[in-house]
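Student: Here it is, the structure, as structure tokens.
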Amino acid sequence: MSERARFEIADQPPWRMSDFLLRWETVLFALLVVVIIGDTFLSPYFLDIDNLSDATANFSEKAIIALGMALLILVREIDLSVAAIIALCSLAMGLAAQAGAGAASLVVIGLAVGAVCGAFNGVLVARLGLPSIVVTIGTMSLFRGIAQVVLGDQAISEYPPQFESLGQDYFIKWPPLHLSFLLFVIFAIVFALALHRTAGGRKLYAIGANPIAARFSGIPVDRIKLGLFVLTGVLSGIAAVLLTARVGSTRPNIALGWELEVVTMVILGGVSIAGGSGTIPGVVIAVFVLGLVTFGLSLINVPGIVISVILGFLLIGSITLPILGRKFVTSLRSRREA
Amino acid sequence: MRVTLATSANFIAGETSPILSLTGVSKSFPGVRALHDIAFNLEAGEVTALIGENGAGKSTIVKILTGIYAPDQGEIVVGGAVRHFASPRDSWAAGIAAIHQETVMFDELTVAENIFMGHMPGGRFINRGEMRRRGSQLLERIEADFDATAPLKQLSVAQKHMVEIARALSHEASVIIMDEPTAALSRTEIDDLFRIVAQLKSQGCAILFISHKFDEIFRIADSYICLRDGEMVGSGLIADASEADLVRQMVGRPIDQVFPKRDIAIGETVLEVEGLSNPTEFADISFSLRRGEILGFYGLVGAGRSEAAQCLFGMSRPTRGAVRLNGEPIVIESPGAAIAAGICYVPEDRQHQGAFLPMSIRENITLASIASHVKGVFLSRSSEREATRELGRRLDVRAASWEQTLGELSGGNQQKVVIAKWLAVRPKVIILDEPTKGIDVGSKAAVHDFIGELAEEGLAVMLISSELPEILGLADRVVVMHEGRIATTFSRGAWSAEAIVSAATGAERRA
Amino acid sequence: MSLLLRHRELALGLIIAAMVAGIGLYAPAFISAANIATVLNDTSILFMLVLAQMIVILTRGIDLSVAANLALSGMISASLAQHFPHLPVIAYIATGVAVGLALGLFNGGLIAGVGIPPIVVTLGTLAIFRGLIVVYGGGSQVNASEMGDVFQNFPNLTVLGLDAVFWIAAPLAIAFALFLNFTRTGRNFYALGGNPLAARYCGINIGRQLLLAYLVSGAVSGLCGYLWVARYGVAYSEIASGYELTVIAACVIGGVSIAGGVGTVPGALLGALFLGVIVNALPVMQVTPFWQMAISGAVILAAVVVNARVERRGGKLILPEARRSAGAAK
């Protein structure tokens, strides 16, 4: 073996423009630019800063959960119960509000219930080894079902004004930013740094790439998964606080269907459903793409359910085009080499 | 077995036209020329060994013969007719069957369904009675000790191989390809397999036998074909060849198979294990390990060595037992704790259990020791690069850059990266589980040399191996396990191959 | 086949029987012939949807769009009746099936043809199909009075005390059982889900099998679309909202493994029956329907835990004493 020349191994491959351009995040960003331009033409109300800020309120709550969901999908798990956790947290806060609790206690209760629900999911998945998709389908029914049992078809709307202002008023006066958007931005930065720059983040990628090898390499897979479910539960709790404050009431069907929108944000963001790949910046861009498409269309009075058709096509199209594109490129390349 | 008319006619007439013949077969993938101008014949009633290093192209040939790939150029002639295989179905129809290294079967279905999946008997509806009957017939023919209605998941690996053979026979195959079939078999099971091979030979099948184990090749094969870097570099009768000849053809140069045992000063006791037990897998495992020592763990496949080692590594909790590291008692609760204590375990299946194929070489190498690259809160890329460079060079990893995805590297290089990951932890004790399994002759010697190097540096090495020459060549002492317990411990100079094997098969048991 | 499998379905059957008996003690009206007929009639649509979903899950896939498919197919079938109320009922049924089939083709084409993961595709089509109802109808709904008698009477025809829906579901179940156990294509689904690589080596055309699975799922959803709309007398965008989860839950309870390759027709039917009995029992027990969701959720979780216990293999049996005691247990 010593006869073969020792060759130098580069630290990094040469940087190619095409590598950067073909990245999911770049394409998604281009899409975002297209969406913004399109929306500007679509409606004169689009570039109004107050409108935009209010629009962020609609997606920031889901986006906060999407950050946690991204990590879960990265490690090959999923949590379909996040919307139901919101319902249960909201119920807990509503009952507490009826009992006279103040804004601070309500927030704590919301987060605590979220954490407990997340822990429940986590124990079933990480400790008992059950598949997360069916477990969270079950807890989705269970959590929202509890809310339904307690509330029936009633609603709770007695919330203290300081609590409601968390969701309704601008947290910062200029630029006018809602608390939910601010929290999303902060969390996004924290999550991005944590995932892409810390040892913990590296471990998450390893679990997603090969869970068995991760275990053999000393990574505490079960503990990490449990932690991620609790995290997602807490994030759902935060979303519950913000949403309940914003709408000022609790009903059993609060946040109905949100889990699918959150998953859409994550998958559109380039996180592979098979685990092991994806970035936080990608999810952030996807959040904006989805949010601004929704906002733009709602400005011209397209009904919500039709908007979801467009979002459905967006999701499928965004996954299909790269696959077809890759097949096209590979067939070109092999034809060239033959 | 109903041999196809053409073959039986040939057989009777004494013609020597081969059952299978390849001419000018070539196959390329983007950037890689896997096969170039391959030509060989397989004769009825003969076993032809296909040898070559890992990556020489053996599995590509198998995939072409079984219809998974189509050759870019060249012809495949079966039974006198030129064939094109658009899918595995066509290959079955032509009478070619393959038994793969890892049994590629359906655990949740019955034996009969496994045998006949893809060609179940019956008209519009499956005739299950017929399926069971024919399945039982096939199993009887190979003297299987289980029933056609048994669920596959209840069978052992050796029994599953028999189901695969039955499946090959069910296709009335005239060509049977066996790809490393003995990898997970015990001695008696290998004998059973060879008995079946002899039977198939006498019935006129042509067998293509792929193996790294020369003792088996010399035992069972009539002729051989040698591949190197995608080209045929030799062929001939086994009777005319020696092992050295074959190795030279495979590797292109003469090689010392086993490096001489290094003379290493063995130091103080590092690890002491006492009475380690688990309800179903092993009991009363006690041994000690010293610095610079290579402790072999020999036994039949399934003796419980890996299970005991994994328990030591923290993958499972023992019901009883004590472990002392450098004299201090220690409880290892998880692999993370084991690594922190300086114990490493390199798994048997390095690809599935050790490699993170979508991640870069650097990320793979630094993974088990990632905490050491944290500066403040964040990871230091330069610290990682340094460690990667050092270990990658030490193990002679071949790649374009350290950021290259591990999946793009050759199998051999992937294994090196996995081992590098463990060395990065700077362990005191390293457990190697079948380190040369699946590694060809050319690289095996290098791995042995490397193990010697580790011991020289002062590591305590636990070498789990099912290859006796490897143990005899490297180990200072050997612990022989049988059915979950330690049968005997031998020391170098006071052992013999026969004694070790007897202990492993349970013939003797000395306290 | 192993006793273990029999075990699971037997156990589920016994549990259902025990439930029925228990409720019957509390409210004898529950086990009257009329009520049993009601349970079977009400659960028939779920029976059919569960069988179709089972085939999809066998292939390691999932179809989250079944309820949306059902709603859209039902809507189109109903609007056909709205405009042409005097066609033979077979025309309405065929329309429902055809629309469902076309939607299933869309799913199957993306999953089998392009290779997109099923959860992603059906997540998208879940929104698309339901949204198309509004695009198609402009948000309006079709009421019972607009559907015509031919359209609505059919599902309610009673033979031997059971409605037409049951008499469609029963032969369909038998057909599925025959298909999955006695045809090659049927067994191929088990192979595909059990070990896709081995299935390929056996010459099974994976793309074709996957496409077939989603076509079947779509066609059955379409059929159930007509039945649902005709039975309940209304068609609008929110019908059967969330029902896909009920279907999947029934599969899981019935022992269909989400990992693929495992599942039987009797098991799936029992899973559906289980949920059907609960839904029917709640009003009888004077429990508000608000409990339904929570109970479903608890039951799913229990089923998953139990299934996992059943499937779990203990450590390898290496020690001779361990093998002996396991052998004795067998």
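The values are calculated or read from the model by the stated rules, or taken from the named source; none is laboratory data. Keep in mind it's a predicted model, so treat the numbers as computed, not measured. Cβ sites come from the backbone with ideal geometry, for glycine too, and all protein chains shown count toward neighbours.
Student: Is it fair to say B:Gly342 is of a type in the set (Gly, Ala, Ser) and within 11 Å of chain A (Cβ to nearest Cβ)?
Tutor: Here the answer is no, as B:Gly342 does not meet what is asked.
Student: Is there a residue in segment A:94-102 that is without any contact (Cβ under 8 Å) to a residue 40 or more places away in the chain, more than 10 Å from chain C (Cβ to nearest Cβ), over 30 Å from C:Leu123 (Cβ atoms) and not small (Gly, Ala, Ser)?
Tutor: No.
Okay, residues lined up against (1) at the interface with another protein chain (Cβ under 9 Å from one of its Cβ atoms); (2) surrounded by fewer than 18 Cβ atoms within 10 Å (Cβ to Cβ); (3) among the basic types (Lys, Arg); (4) touching a helix residue (DSSP H, G or I) at 6+ places or on another chain (Cβ under 7 Å):
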position: A:Phe171; (1), (2), (3), (4): no, yes, no, yes
position: A:Val190; (1), (2), (3), (4): no, yes, no, no
position: A:Thr198; (1), (2), (3), (4): yes, yes, no, no
position: A:Val234; (1), (2), (3), (4): no, no, no, yes
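Student: Follow-up question, since we're still on this one. Just the residues that are at the interface with chain A (Cβ under 10 Å from one of its Cβ atoms), at pLDDT 85 or above and more than 21 Å from B:Ala475 (Cβ to Cβ), please, taken from segment B:406-447.
Tutor: Those that are at the interface with chain A (Cβ under 10 Å from one of its Cβ atoms), at pLDDT 85 or above and more than 21 Å from B:Ala475 (Cβ to Cβ): B:Leu406, B:Gly407, B:Val418, B:Lys421, B:Val425.
Student: Hey, another quick one. If you go through segment C:254-267 one residue at a time, do you hit one that is under 25 Å from C:Ile36 (Cβ atoms), away from every other protein chain (no Cβ under 14 Å) and in contact with a helix residue (DSSP H, G or I) (Cβ under 9 Å, 6 or more places away or on another chain)?
Tutor: Yes - at least one qualifying residue is present in segment C:254-267.
Student: Looking at B:Glu108, B:Glu130, B:Glu164, B:Glu140, which one is assigned to a helix (DSSP H, G or I), buried (at least 20 other Cβ atoms within 10 Å of the Cβ) and outside the structural domain of B:Leu208 (by TED's automatic domain parsing)?
Tutor: Exactly one residue qualifies, and that residue is B:Glu164.
Student: Kindly list the number of the only condition in (1) within 20 Å of A:Ala209 (Cβ to Cβ); (2) touching a Pro at 6+ places or on another chain (Cβ under 6 Å) that fails for B:Glu363.
Tutor: Condition (2) is where B:Glu363 drops out.
Student: Regarding C:Ala250, is this residue more than 13 Å from chain A (Cβ to nearest Cβ), of a type in the set (Gly, Ala, Ser) and either under 18 Å from the mean Cα position of the chain (by Cα) or in a helix (DSSP H, G or I) (or both)?
Tutor: No; evaluated as a whole, the condition is false for this residue.
Student: Examine segment A:318-330 for a residue that is within 8 Å of chain C (Cβ to nearest Cβ), in a helix (DSSP H, G or I) and surrounded by 20 or more Cβ atoms within 10 Å (Cβ to Cβ), and state whether such a residue exists. Steps first, answer last, please.
Tutor: Of the residues in segment A:318-330, the ones within 8 Å of chain C (Cβ to nearest Cβ) are A:319-320, A:323-324.
Then keep just the ones that are in a helix (DSSP H, G or I); that gives A:319-320, A:323-324.
Adding the requirement that they be surrounded by 20 or more Cβ atoms within 10 Å (Cβ to Cβ) leaves A:319.
Yes, the conditions are met somewhere in segment A:318-330.
Student: Counting only residues that are at pLDDT below 85 and in a helix (DSSP H, G or I), which one in segment C:305-319 is farthest from the other protein chains (Cβ to nearest Cβ)?
Tutor: Here is the first cut: in segment C:305-319, the residues at pLDDT below 85 are C:306-319.
Next, only the ones that are in a helix (DSSP H, G or I) stay: C:306-311.
On the way: C:Val306: 11, C:Asn307: 9, C:Ala308: 5, C:Arg309: 9, C:Val310: 12, C:Glu311: 10 Å.
Residue satisfying both the conditions and the ranking: C:Val310.
Student: Scanning for something aliphatic (A, V, I, L, M), within 11 Å of chain A (Cβ to nearest Cβ) and surrounded by fewer than 24 Cβ atoms within 10 Å (Cβ to Cβ), does segment C:88-102 turn up at least one residue? Don't jump to the end; show me each part of the working.
Tutor: Narrowing segment C:88-102 to residues aliphatic (A, V, I, L, M): C:89-91, C:93-94, C:97-99, C:101-102.
From the residues that got through so far, the ones that are within 11 Å of chain A (Cβ to nearest Cβ) too are none.
Checking segment C:88-102: not a single residue is aliphatic (A, V, I, L, M), within 11 Å of chain A (Cβ to nearest Cβ) and surrounded by fewer than 24 Cβ atoms within 10 Å (Cβ to Cβ).
Student: Pick from segment C:231-247 the residues that are within 11 Å of chain A (Cβ to nearest Cβ), part of a helix (DSSP H, G or I) and under 14 Å from C:Asn69 (Cβ atoms): which of them is farthest from the chain's Cα centre (by Cα)?
Tutor: Ranking the candidates gives C:Glu244 first.
Student: While we're here: Among the numbered criteria (1) within 23 Å of A:Arg23 (Cβ to Cβ); (2) within 14 Å of chain C (Cβ to nearest Cβ); (3) within 17 Å of the chain's Cα centre (by Cα), which single criterion is violated by A:Gly312?
Tutor: Going through the list (1) within 23 Å of A:Arg23 (Cβ to Cβ); (2) within 14 Å of chain C (Cβ to nearest Cβ); (3) within 17 Å of the chain's Cα centre (by Cα), A:Gly312 breaks only (1).
Student: If you don't mind, another one. Taking A:Ile307 as meeting all but one of (1) more than 9 Å from every other protein chain (Cβ to nearest Cβ); (2) farther than 25 Å from A:Leu193 by Cα; (3) touching a helix residue (DSSP H, G or I) at 6+ places or on another chain (Cβ under 8 Å), write down the number of the exception.
Tutor: (1)
Student: Also, I was wondering about something else. Kindly list, by first and then second residue, each pair from a residue in segment B:135-149 that is more than 14 Å from chain C (Cβ to nearest Cβ) to a residue that is part of a helix (DSSP H, G or I) and at pLDDT below 90, limited to pairs with Cβ atoms under 6 Å and residues at least 6 apart or on different chains.
Tutor: Matching pairs, first to second residue: B:Leu138/B:Ala166; B:Leu138/B:Leu169; B:Leu138/B:Ser170; B:Leu139/B:Ala166; B:Ile142/B:Met162; B:Ile142/B:Ile165; B:Ile142/B:Ile196; B:Ala144/B:Met162.
Student: Is it the case that C:Val50 is in a helix (DSSP H, G or I), of a type outside the set (Ser, Thr, Tyr) and within 14 Å of another protein chain (Cβ to nearest Cβ)?
Tutor: Values: in a helix (DSSP H, G or I): yes; of a type outside the set (Ser, Thr, Tyr): yes; within 14 Å of another protein chain (Cβ to nearest Cβ): no.
For C:Val50, the condition - in a helix (DSSP H, G or I), of a type outside the set (Ser, Thr, Tyr) and within 14 Å of another protein chain (Cβ to nearest Cβ) - is not met.
Student: Could we say that A:Leu80 is in a helix (DSSP H, G or I), within 11 Å of chain C (Cβ to nearest Cβ) and closer than 17 Å to C:Ala298 by Cα here?
Tutor: Criteria not met by A:Leu80.
Student: If you scan segment C:61-83, which residues turn out to be closer than 24 Å to A:Leu260 by Cα and polar (S, T, N, Q)?
Tutor: C:Ser65, C:Asn69, C:Ser73
Okay, residues lined up against (1) assigned to a helix (DSSP H, G or I); (2) more than 20 Å from A:Glu261 (Cα to Cα); (3) of a type in the set (Asp, Glu):
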| position | (1), (2), (3) |
| --- | --- |
| C:Pro85 | no, yes, no |
| C:Ala102 | yes, yes, no |
| C:Val120 | yes, no, no |
| C:Phe151 | yes, yes, no |
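Student: Select, from C:Ala281, C:Ala294, the only residue that is out of contact with any Asp or Glu (no Cβ under 8 Å at 6 or more places or on another chain), surrounded by fewer than 24 Cβ atoms within 10 Å (Cβ to Cβ) and without any contact (Cβ under 8 Å) to a residue 60 or more places away in the chain.
Tutor: Unique residue meeting the criteria: C:Ala294.
Student: Right, here's the next one. Hey, does segment B:231-244 have a residue that's more than 19 Å from B:Asn41 (Cβ to Cβ), under 18 Å from the mean Cα position of the chain (by Cα) and either not aromatic (Phe, Trp, Tyr) or not assigned by TED's automatic domain parsing to the domain that holds B:Lys437 (or both)?
Tutor: No, there is no match, as no residue in segment B:231-244 is more than 19 Å from B:Asn41 (Cβ to Cβ), under 18 Å from the mean Cα position of the chain (by Cα) and either not aromatic (Phe, Trp, Tyr) or not assigned by TED's automatic domain parsing to the domain that holds B:Lys437 (or both).
Student: Please go through segment C:157-186 and pick out each residue that is loosely packed, with under 13 Cβ neighbours inside 10 Å and over 20 Å from C:Val220 (Cβ atoms).
Tutor: If the condition is that a residue be loosely packed, with under 13 Cβ neighbours inside 10 Å and over 20 Å from C:Val220 (Cβ atoms), then C:Leu157, C:Thr158, C:Val159, C:Leu160 are the ones that fit.
Here is a yes/no grid of residues against (1) over 20 Å from the mean Cα position of the chain (by Cα); (2) surrounded by fewer than 18 Cβ atoms within 10 Å (Cβ to Cβ); (3) assigned to a helix (DSSP H, G or I):
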{"site": "A:Ala55", "(1), (2), (3)": "no, no, yes"}
{"site": "A:Ala70", "(1), (2), (3)": "no, no, yes"}
{"site": "A:Leu88", "(1), (2), (3)": "no, no, yes"}
{"site": "A:Leu95", "(1), (2), (3)": "yes, yes, yes"}
{"site": "A:Ala126", "(1), (2), (3)": "yes, no, yes"}
{"site": "A:Gly129", "(1), (2), (3)": "yes, yes, no"}
{"site": "A:Met140", "(1), (2), (3)": "no, no, yes"}
{"site": "A:Val149", "(1), (2), (3)": "yes, no, yes"}
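Student: Anything in segment B:359-373 that is within 16 Å of B:Ala400 (Cα to Cα) and at the interface with chain A (Cβ under 7 Å from one of its Cβ atoms)? List them, or say none.
Tutor: B:Met359, B:Glu363
Student: Could you identify the single residue in C:Leu178, C:Leu126 that is part of a helix (DSSP H, G or I), within 30 Å of B:Phe106 (Cα to Cα) and not small (Gly, Ala, Ser)?
Tutor: One residue alone meets the criteria, C:Leu178.
Student: Name the residues in segment B:149-182 that are over 22 Å from B:Ala206 (Cβ atoms) and not charged (D, E, K, R), would you?
Tutor: Hits for segment B:149-182 are B:Thr149, B:Ala150, B:Pro151, B:Leu152, B:Gln154, B:Leu155, B:Ser156, B:Val157, B:Ala158, B:Gln159.
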